[in-house]
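Participant: If you scroll down you'll find the structure; I have some questions about it.
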Ligand SMILES: Nc1ncnc2c1ncn2[C@@H]1O[C@H](COP(=O)(O)OP(=O)(O)OP(=O)(O)O)[C@@H](O)[C@H]1O
Ligand SMILES: [Mg+2]
């Protein structure tokens, strides 16, 4: 492990328990993990191993039961909802398995959405940035389409563009290709990799798919809530 | 904010059915409220105009002994107390700068007797006034349908059409002004059916109703059958007579006969002299005994047949004084000011507003307005329930979308505002449209110049012209109620939407 680059993620002793009836499910049982800036890394593991849980906690949309999680230098366990929301907006981009776009907005508007929330840029700047990203993910021709008028692959490209529009330091993707055929899935991974190179954005994605794995540069293996290989 | 509105607006368009249902309810509610309020305000205004300008004036002065303020239409038979110190009150009123003019009047009930033994006596409501003064006080308030109005100083009675119809039903006598012939077109439905057997009469014998039975039955020559310009349902009960005859009939003693109010004891003694002494007892004896011969007129009536001009009529008894205020004087100010003066001068009278004096008529609009508000509120309550339900469902349906918004950095407030905006836009657009349409309708109706001669419809119009009115207070109340509905309806869905967590973006089975 080289120690030259900074760590964007530093996790130590992370556990996550879900109460389930009278018992508790120990979804994560003591995770120690560092991810370097600019990484393009994959989390793999069998179903139920805790991939989603780990990504959610890193993405600040779920909370840890115990342990320390630092994202881009912020210890996230002590932040309130407003601060955490701000952190998500400014430093993290999400790509969901189910695409999750805003149905009433067109492609360009969906990509612009996080920038508008930031209220940091002028309308023209926002438009320019969104158009650039739409081009980069190969949707330059479809900016006026609504999500319902797009294919699954196209939707996921919109999601990638939206995740990157704020120039986050970190993009998280939980099984981004699970709802796509393998060819389209491959294309999506290509786009992500390209972005990783161009924008120096850190990507962490989870997958079941051995096909997808070949795109990853680093791999973290999870099993029953513990890391078995890194 | 622009973003929130954009998304909210497009969501409204996206869920057209839901939006339309909510919108329609809000539209109807606000339309109904605007038009309803307009009609009622018009009615209120019309009633005020017509009662104030046509019958009571702005303020009515009554005896302090009078138990209730309602002196216009009290069918319980409560008599109106006499006022015996008019000259004193006159001076006080003349000194008030806000008083424009005033008119003393006698007003009470009388029994209408008939020469038909089988008939029951009817009631006649009498208004005794100096007719010239009356016309100056209430110009153009009535016209003669048959016969004519009073000549100066003339004695007799002017019977409204409505009172004539009622009198016929009681006594089977059809009243026709002196020297006139029957006008078939003016016959009531009942009278028309009995046209062949109809008995005509050009005079009427009235027995004033008086607490100490000191009244006299007096024959009134009918000079005219009249119609008030408007609201005959209300005013049409009142026959107008000269104040002299009125006083005799009521046993108040005509000023021309005695010039002063006779002490109660003396009054009783004098009563014994009246020829129709027996008329004070029992129903049968109330009938004038000989149908052919004219009943003997009361001696006072003979004496007063030509009232000497130099007698001080104003020193006699009245029941009330109608007061008109100068423009811009508030009723409440005038009433409290007058009452202050009356108390300070021991005038033994009190002033009441036209609204209080007209009892049910005055409070009618308030009651109707209250019912409308209750009805619209009920409608809005239903609207709230439907809106809450629809929006909550919408929030739940959109959980992944809203969770995603939260996950990628939208604050709770953003999601809440989005939902509030959706409701606000709906009520603004649809409620606003309802209000606008209502306002247009309310403003258009007077231009159509819809009039009615129908008495009940006139009551609804507040006069002869249907003239709804959009008042600022009504507009404010409508808009407030609309905003309140929006807010209340949005609270729960907003809580639900605000409670959606970023984690909900990820659909887990
Ligand atoms: N909300 C929850 N309540 C209870 N248990 C949960 C909850 N979420 C996850 N779990 C449990 O935690 C464990 C880890 O789940 P997680 O979704 O992280 O696995 P995963 O590796 O993403 O699986 P998959 O590959 O099927 O998506 C599982 O045993 C799961 O049943
Ligand atoms: Mg998973």
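Read the figures in this text as sums done on the coordinates, not as results from a lab. Please read all numbers here as calculations on a predicted model, not as lab measurements. Positions of Cβ are backbone-derived with ideal geometry, glycine not excepted, and every protein chain shown enters the neighbour counts.
Participant: Would you please classify the overall shape of segment A:128-204 from the alpha carbon gyration tensor, given that a ≥ b ≥ c denote the square roots of the eigenvalues, rounded means a/c under 1.5, and beyond that prolate means a/b larger than b/c while oblate covers the rest? Don't skip to the answer; put the middle values down first.
Facilitator: Numbers: a/c = 1.77, a/b = 1.08, b/c = 1.64.
Note, shape of segment A:128-204 comes out oblate.
Participant: Continuing with this model, one more query. Using the Kirkwood radius over Cα pairs, work out the Stokes-Einstein diffusion coefficient for chain A at 10 °C and 1.306 mPa s, in µm²/s as a whole number.
Facilitator: On the way: Rh = 18.0 Å.
Roughly 88 µm²/s, to the nearest whole number.
Participant: Say each of residue B:73 and residue A:70 gets a label point 7 Å from the Cα, pointing the same way as Cα to Cβ; how far apart are those two points in nm?
Facilitator: Going by the 7 Å Cα→Cβ label model, 8.8 nm.
Participant: So for the pair residue B:133, residue A:127, with labels modelled 7 Å out along Cα→Cβ, what separation do we get in nm?
Facilitator: 8.2 nm
Participant: What span do the alpha-carbon atoms of segment A:166-217 cover on each of the three principal axes, reported in whole Å from largest to smallest?
Facilitator: 28, 19, 17 Å, listed from the longest principal axis down.
Participant: Next question. Based on alpha-carbon atoms only, what is the radius of gyration of segment B:82-157 relative to the globular estimate 2.2 N^0.38 Å? Numbers along the way, then the final one.
Facilitator: Details: Rg = 16.6 Å, N = 76, 2.2 N^0.38 = 11.4 Å.
This ratio for segment B:82-157 stands at 1.45.
Participant: Where in segment B:64-90 does the amide nitrogen come within less than 16 Å of the point 7 Å from the Cα of residue B:312, taken along Cα to Cβ?
Facilitator: Within reach of a label on residue B:312: B:84-90.
Participant: So what's the back-of-envelope 222 nm ellipticity for chain B, counting only DSSP H runs of four-plus at -39500 (n - 2.57) apiece and dividing by all residues, rounded to 500?
Facilitator: On the way: 19 runs with 243 residues, N = 509.
Value at 222 nm, helices only, nearest 500: -15000 deg cm²/dmol.
Participant: Further question on the same structure: Classify segment B:365-429: rounded, prolate or oblate, from the alpha-carbon gyration tensor (a ≥ b ≥ c, eigenvalue square roots; a/c under 1.5 rounded; otherwise prolate if a/b is larger than b/c)? List each step's numbers first, then the result.
Facilitator: Details: a/c = 4.82, a/b = 2.94, b/c = 1.64.
Cα axes put segment B:365-429 in the prolate bin.
Participant: Kindly give Rg over Rh for the protein assembly as shown, based on alpha-carbon atoms, with the Kirkwood expression for the hydrodynamic radius.
Facilitator: Values: Rg = 44.4 Å, Rh = 33.2 Å.
Over the Cα atoms of the protein assembly as shown, Rg/Rh equals 1.34.
Participant: How long, wide and thick is segment B:366-509, going by the Cα atoms along their three principal axes, in whole angstroms, largest first?
Facilitator: Projected onto its principal axes, the Cα set of segment B:366-509 covers 73, 24, 23 Å.
Participant: Taking only C-alpha pairs under 8 Å that are 6+ residues apart, what is the relative contact order of chain B in percent? Write down the numbers at each step before the final one.
Facilitator: Numbers: 924 pairs, mean separation 147.5, N = 509.
Contact order relative to length: 29 percent.
Participant: Please report the relative contact order for segment B:16-173, taking Cα pairs under 8 Å with a sequence separation of at least 6, and give it as a percent rounded to a whole number.
Facilitator: Values: 96 pairs, mean separation 29.0, N = 158.
It comes to 18 percent, rounded to a whole number.
Participant: Taking neighbour Cβ counts within 10 Å as the exposure measure, how do A:191, B:159 sort from fewest upward? Mind showing how you got there, number by number?
Facilitator: Details: A:191 19, B:159 30.
Going from least to most buried by this count: A:191, B:159.
Participant: Modelling each spin label as a point 7 Å along the Cα-to-Cβ direction, I'd like the residue A:37/residue B:475 distance in nm, to one decimal.
Facilitator: Calculated label separation equals 6.1 nm.
Participant: Please build a GNM for chain A, connecting alpha carbons under 10 Å apart, and tell me which residue among A:39, A:124, A:72 fluctuates the most.
Facilitator: A:124
Participant: Could you list the residues of segment B:426-456 with an amide nitrogen less than 13 Å from a label point located 7 Å from the Cα of residue B:9 in the Cα-to-C-beta direction?
Facilitator: B:426, B:429
Participant: OK, next. Over the Cα atoms of segment B:168-220, what is the Rg over Rh ratio if Rh follows Kirkwood?
Facilitator: Values: Rg = 14.0 Å, Rh = 12.7 Å.
So for segment B:168-220, dividing Rg by the Kirkwood Rh gives 1.10.
Participant: Which value, in Å to one decimal place, does the Kirkwood hydrodynamic radius take for segment A:47-119 when every pair of different Cα atoms is included?
Facilitator: The answer is 13.9 Å.
Participant: Once the Cβ-Cβ distance between residue B:428 and residue A:151 is put in as r, and R0 is 30 Å, what FRET efficiency do you end up with, to the nearest 0.05?
Facilitator: Details: r = 38 Å, r/R0 = 1.26.
Computed FRET efficiency for residue B:428 and residue A:151: 0.20.
Participant: Quick one: what do you get for segment B:1-118 if you divide its Cα Rg by 2.2 N^0.38 Å?
Facilitator: On the way: Rg = 28.1 Å, N = 118, 2.2 N^0.38 = 13.5 Å.
So the Cα radius of gyration is 2.09 times the expected 2.2 N^0.38 Å.
Participant: Using only the Cα atoms of segment A:66-176, build the gyration tensor, take square roots of its eigenvalues as a ≥ b ≥ c, and label the shape rounded, prolate or oblate: rounded if a/c is under 1.5, else prolate if a/b is larger than b/c, else oblate.
Facilitator: Details: a/c = 2.34, a/b = 1.62, b/c = 1.45.
Prolate, since a/c reaches 1.5 and a/b exceeds b/c.
Participant: Can you compute the FRET efficiency between residue B:447 and residue B:24 using 1/(1 + (r/R0)^6), with r the Cβ-Cβ distance and R0 = 35 Å? Round to the nearest 0.05.
Facilitator: Details: r = 28 Å, r/R0 = 0.80.
Given R0 = 35 Å and the Cβ-Cβ separation, E is 0.80.
Participant: Over chain A, calculate the relative contact order: mean separation of alpha carbon pairs under 8 Å at least 6 apart, over the residue count, as a percent.
Facilitator: Working: 448 pairs, mean separation 66.9, N = 230.
RCO, chain A: 29 percent.
Participant: So what is the orientation-averaged projected area of chain B, using the convex hull of its C-alpha atoms, in nm²?
Facilitator: Averaging across all directions leaves 32.4 nm² for the Cα convex hull.
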